[in-house]
Amino acid sequence: MDTSSPAAFVNGGLLRMHVGRKVRTVIQVTRSDAGSVMGKSTDGCQLVVRGSPPAPLTSYVEVIGVAENESSIRAELWTNFGDSF
């Protein structure tokens, strides 16, 4: 495991402080479209995650990627957490 530049664990409120950097978060999926997923962060903020999610997509997912702005992440790695969390 490469620990030289770990991803900051963020929620919706903290995401704005990490724009352009690698982040990690857990969201509750509310909608899935082609190439993006919308979801609620642990503090209730609406986030957009861009990329190709795993199929089938569960209700809760962990995402590691780069924060594009205060409400979106470009995903590099998706992990299904199941339908209850």
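The values are calculated or read from the model by the stated rules, or taken from the named source; none is laboratory data. Source: prediction; values computed, not measured. Every residue, glycine among them, receives a Cβ derived from its backbone with ideal geometry; neighbour counts consider all protein chains shown. For accessibility, only protein heavy atoms count, side chains too; no ligands or nucleic acids. Shrake-Rupley method; radii C 1.70, N 1.55, O 1.52, S 1.80 Å.
For the reader, a short list of remarks on this structure follows.
- Selection status of Val63, modelled with pLDDT of 95 or more, surrounded by 12 or more Cβ atoms within 10 Å (Cβ to Cβ) and in contact with a Pro (Cβ under 6 Å, 6 or more places away or on another chain): no
- As a summary of the residue check, Asp83 satisfies the conditions (1) open to solvent by 80 Å² or more (accessible area, probe 1.4 Å); (2) in contact with a Pro (Cβ under 7 Å, 6 or more places away or on another chain) except for the one numbered (2).
- Unique match (being among the polar types (S, T, N, Q) and more than 11 Å from the chain's Cα centre (by Cα)) among Ser71, Ser84: Ser84
- Flag: Arg74 matches the condition of being of a type in the set (D, E, K, R), open to solvent by 50 Å² or more (accessible area, probe 1.4 Å) and either at pLDDT below 95 or over 19 Å from Ser84 (Cα atoms) (or both).
- Qualifying residues in the stretch 5-31 (those that are modelled with pLDDT of 95 or more and polar (S, T, N, Q)) - the one farthest from Ala75 (Cα to Cα): Thr30
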